[in-house]
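Participant: Take a look at the following structure, please.
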């Protein structure tokens with residue numbers, strides 16, 4: 001992800017994928033013109049998504065407004081970190097925005113996201129789920145290498161090996177001595193209505209596997225038998241998964257992504273009460 005700011009002192013993050021992320025040559029202070037980027041609006045937080053077939057990008061264009069913006073940034077760069085706010089379509093709390101999550105099941109979530117008139121904003125449901133499968137093959141890495149204490153990806157430093165730093169981040173344009181593994185899992189959540197393939201990222205991967213991504217990396221290298229046990233023990237857990245369904249992409253590339261955005265331990269008494277309330281509501285509707 002790359003963060004951009006303009007004279008409004010509002011910032012927005014742009015996500016680049018695959019080769020685009022690795023080949024991006026922009027530096028801090030450069031001016032970028034982006035056309036036809038997808039605007040994501042999740043939990044009142046706006047971000048941009050670059051679709052390679054539809055979007056375009058121009059770095060440091062030779063136009064007056066770009067030159068003016070570059071000069072403005074050079075003068076104000078030192079104070080922007082404390083003054084800049086993310087673009088938002090609503091108020092955000094101290095720990096970030098929140099989107100109300102209703103109690104439901106996978107069939108209801110699929111029906112809701114297909115039938116809504118605003119499926120780009122997304123729908124979130126709390127779904128009592130059984131974790132029935134983890135994708136595990138060479139094409140589905142369990143984690144990626146990230147900047148220490150941040151989410152940006154790092155790659156091996158082949159640009160300037162002489163500086164003694166082993167890793168380089170195309171997003172931050174900085175070199176690092178080490179990296180932090182962060183989960184990027186594909187799992188299947190199952191309930192009485194069916195199942196759904198879900199994307200699961202770092203913190204929620206920890207909740208499902210009961211360990212850090214660095215532990216999985218170590219076991220993958222040194223003890224594959226114990227790694228198998230980690231995944232076996234994580235299967236068929238009963239959890240409350242907070243799942244976000246949201247349309248992503250553009251044009252013919254549009255598809256609905258299902259992402260885990262919360263994991264709770266299953267409280268049988270609490271969830272039974274919720275289920276009974278839902279049954280009562282359904283009975284009331286039939287009587288009416």
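The values are calculated or read from the model by the stated rules, or taken from the named source; none is laboratory data. Nothing here was measured: the structure is a model prediction, and the numbers come from that model. A quick note on method: Cβ atoms are made from the backbone with ideal geometry, for glycine too, and the neighbour counts reach across all protein chains shown.
Participant: Scan segment 161-168 and give yes if some residue there is farther than 25 Å from residue 231 by Cα, assigned to a loop (DSSP other than H, G, I, E, B) and in contact with a strand residue (DSSP E or B) (Cβ under 8 Å, 6 or more places away or on another chain), otherwise no.
Facilitator: As a first pass, look at segment 161-168 and keep what is farther than 25 Å from residue 231 by Cα: 161-168.
Filter again for assigned to a loop (DSSP other than H, G, I, E, B), leaving 164-166.
Subset that is in contact with a strand residue (DSSP E or B) (Cβ under 8 Å, 6 or more places away or on another chain): 165-166.
The answer is yes, given that some residue of segment 161-168 is farther than 25 Å from residue 231 by Cα, assigned to a loop (DSSP other than H, G, I, E, B) and in contact with a strand residue (DSSP E or B) (Cβ under 8 Å, 6 or more places away or on another chain).
Participant: Hey, among the residues in segment 27-45 that are within 16 Å of residue 4 (Cα to Cα) and crowded, with 17+ Cβ neighbours inside 10 Å, which one's modelled with the highest pLDDT?
Facilitator: Taking the candidates together, the pick is 31.
Participant: Still on this model: From the residues in segment 132-143 that are at pLDDT below 90 and assigned to a strand (DSSP E or B), which one is farthest from residue 213 (Cα to Cα)? Write out each step before concluding.
Facilitator: Taking segment 132-143 and keeping what is at pLDDT below 90, we get 136-141.
The next check asks that each one be assigned to a strand (DSSP E or B); those that pass are 137, 140.
Working: 137: 16, 140: 14 Å.
Among residues in segment 132-143 that are at pLDDT below 90 and assigned to a strand (DSSP E or B), the one farthest from residue 213 (Cα to Cα) is 137.
Participant: Go through (1) closer than 25 Å to residue 167 by Cα; (2) modelled with pLDDT of 80 or more; (3) loosely packed, with under 12 Cβ neighbours inside 10 Å and name the single condition residue 64 misses.
Facilitator: Checking residue 64 against (1) closer than 25 Å to residue 167 by Cα; (2) modelled with pLDDT of 80 or more; (3) loosely packed, with under 12 Cβ neighbours inside 10 Å, the one that fails is (1).
Participant: Among the numbered criteria (1) within 17 Å of the chain's Cα centre (by Cα); (2) surrounded by fewer than 13 Cβ atoms within 10 Å (Cβ to Cβ); (3) not assigned by TED's automatic domain parsing to the domain that holds residue 133, which one does residue 160 miss?
Facilitator: Just one mismatch for residue 160, condition (1).
Participant: Moving to a separate point now. On the given criteria, is residue 187 within 21 Å of the chain's Cα centre (by Cα), more than 30 Å from residue 111 (Cα to Cα), touching a residue at least 40 places away in the same chain (Cβ under 8 Å) and not in a loop (DSSP other than H, G, I, E, B)?
Facilitator: When the stated conditions are applied, residue 187 does not pass them.
Participant: Please list, ordered by first then second residue, the pairs with beta carbon atoms under 6 Å, 6 or more apart or interchain, first in segment 194-219 and at positive phi, second surrounded by 18 or more Cβ atoms within 10 Å (Cβ to Cβ) and in a helix (DSSP H, G or I).
Facilitator: Every condition considered, the pairs that remain are 194/106.
Participant: Any idea which of 185, 209, 198 is touching a helix residue (DSSP H, G or I) at 6+ places or on another chain (Cβ under 8 Å), surrounded by 15 or more Cβ atoms within 10 Å (Cβ to Cβ) and within 28 Å of residue 37 (Cα to Cα)?
Facilitator: Numbers: 209 fails: within 28 Å of residue 37 (Cα to Cα); 198 fails: touching a helix residue (DSSP H, G or I) at 6+ places or on another chain (Cβ under 8 Å).
The conditions single out 185.
Participant: Report whether or not residue 171 is within 22 Å of the chain's Cα centre (by Cα), closer than 30 Å to residue 152 by Cβ, in contact (Cβ under 8 Å) with a residue 12 or more places away in the chain and outside the structural domain of residue 115 (by TED's automatic domain parsing). Full working, then the answer.
Facilitator: Values: within 22 Å of the chain's Cα centre (by Cα): yes; closer than 30 Å to residue 152 by Cβ: yes; in contact (Cβ under 8 Å) with a residue 12 or more places away in the chain: yes; outside the structural domain of residue 115 (by TED's automatic domain parsing): yes.
Spelling it out, residue 171 is indeed within 22 Å of the chain's Cα centre (by Cα), closer than 30 Å to residue 152 by Cβ, in contact (Cβ under 8 Å) with a residue 12 or more places away in the chain and outside the structural domain of residue 115 (by TED's automatic domain parsing).
Table: residues versus (1) under 30 Å from residue 38 (Cβ atoms); (2) at pLDDT below 85; (3) surrounded by 13 or more Cβ atoms within 10 Å (Cβ to Cβ).
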| position | (1), (2), (3) |
| --- | --- |
| 237 | no, no, yes |
| 248 | yes, yes, yes |
| 253 | yes, yes, no |
| 258 | yes, no, yes |
| 265 | no, no, no |
| 268 | no, yes, no |
| 282 | no, yes, no |
| 288 | no, yes, no |
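Participant: Now a separate question. Here are 224, 180: which of them is loosely packed, with under 12 Cβ neighbours inside 10 Å and either modelled with pLDDT of 95 or more or more than 22 Å from residue 126 (Cα to Cα) (or both)? Walk me through it before giving the result.
Facilitator: Numbers: 180 fails: loosely packed, with under 12 Cβ neighbours inside 10 Å.
That would be 224, the only listed residue that is loosely packed, with under 12 Cβ neighbours inside 10 Å and either modelled with pLDDT of 95 or more or more than 22 Å from residue 126 (Cα to Cα) (or both).
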